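Worksheet: one structure, shown below.
The values are calculated or read from the model by the stated rules, or taken from the named source; none is laboratory data. Everything numeric in this text was worked out from a predicted model, so none of it was measured. All Cβ positions, glycine included, derive from the backbone under ideal geometry; neighbour counts span all protein chains shown.
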Amino acid sequence: MNSRTSLQAGAHIVTVLLHVKSEHVQDFKREVSSNAAASLRNEKGCRQFDVCFSSRDSGEVFLYEVYDSEAAFDAHLASAHFAQFSAISASWIVDKIVSVFERPSAAM
């Protein structure tokens with residue numbers, strides 16, 4: 001799918017802003033990167049999974065995830081790799097804000 005096609009297709013977009021305990025930042029980077037790679041590799045409905053780290057605060061993390069649909073995101077949440085990531089990293093996270101957006105399909 002090229003970028004123009006990608007923009008024309010509807011999407012279910014999830015953003016997550018996290019703050020990670022300073023003593024777990026490196027561990028979190030490793031685990032979240034692994035989770036993102038597994039999502040892109042194993043989930044047909046996962047189009048994009050960006051992991052971003054603040055240049056000002058090493059514990060601040062922003063995730064930008066694009067799925068074909070809400071059902072594709074639900075499949076992500078039910079995946080084994082997400083369950084493993086969540087179990088491993090839950091105690092490392094100070095706070096988390098999740099936002100969900102819908103991008104409508106563009107008229108052709």
What pairs come up if the first residue lies in the stretch 19-39 and is more than 13 Å from E60 (Cβ to Cβ), the second is of a type in the set (V, I, T) and surrounded by 15 or more Cβ atoms within 10 Å (Cβ to Cβ), and their beta carbons are under 8 Å apart, counting only those six or more places apart or on different chains?
E31/I88; S33/V51; A36/V51
Give the number of residues within the stretch 18-55 that are over 17 Å from A80 (Cα atoms), surrounded by 13 or more Cβ atoms within 10 Å (Cβ to Cβ) and over 10 Å from the mean Cα position of the chain (by Cα).
11
Restricting attention to the stretch 1-60, the residues that are at pLDDT 95 or above and over 26 Å from R103 (Cα atoms) number exactly 18
Could you grab the pairs with beta carbons closer than 7 Å, sequence gap of 6+ or different chains, first residue in the stretch 81-102 and of a type in the set (F, W, Y), second one part of a strand (DSSP E or B)?
W92/V20; F101/I13
Being in a loop (DSSP other than H, G, I, E, B) and surrounded by fewer than 16 Cβ atoms within 10 Å (Cβ to Cβ) narrows it down to one residue among S58, S91, S99; which is it?
S58
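Do we find a residue being more than 30 Å from G10 (Cβ to Cβ), of a type outside the set (D, E, K, R) and modelled with pLDDT under 95 anywhere in the stretch 97-104?
So the first thing to find is which residues in the stretch 97-104 are more than 30 Å from G10 (Cβ to Cβ), and the list is none.
Checked against the condition, which is being more than 30 Å from G10 (Cβ to Cβ), of a type outside the set (D, E, K, R) and modelled with pLDDT under 95, the stretch 97-104 yields no hits at all.
Collect the residues in the stretch 61-85 that are in a helix (DSSP H, G or I), more than 17 Å from A11 (Cα to Cα) and within 12 Å of the chain's Cα centre (by Cα), keeping them in residue-number order.
Looking only at the stretch 61-85, we keep the residues that are in a helix (DSSP H, G or I), and these are 70-77, 80-85.
Now restrict to residues that are more than 17 Å from A11 (Cα to Cα): 80-85.
Hits for the stretch 61-85 are F82, F85.
Taking A72, is it in contact with a strand residue (DSSP E or B) (Cβ under 6 Å, 6 or more places away or on another chain), within 23 Å of F101 (Cβ to Cβ) and not polar (S, T, N, Q)?
Numbers: in contact with a strand residue (DSSP E or B) (Cβ under 6 Å, 6 or more places away or on another chain): no; within 23 Å of F101 (Cβ to Cβ): yes; not polar (S, T, N, Q): yes.
No; evaluated as a whole, the condition is false for this residue.
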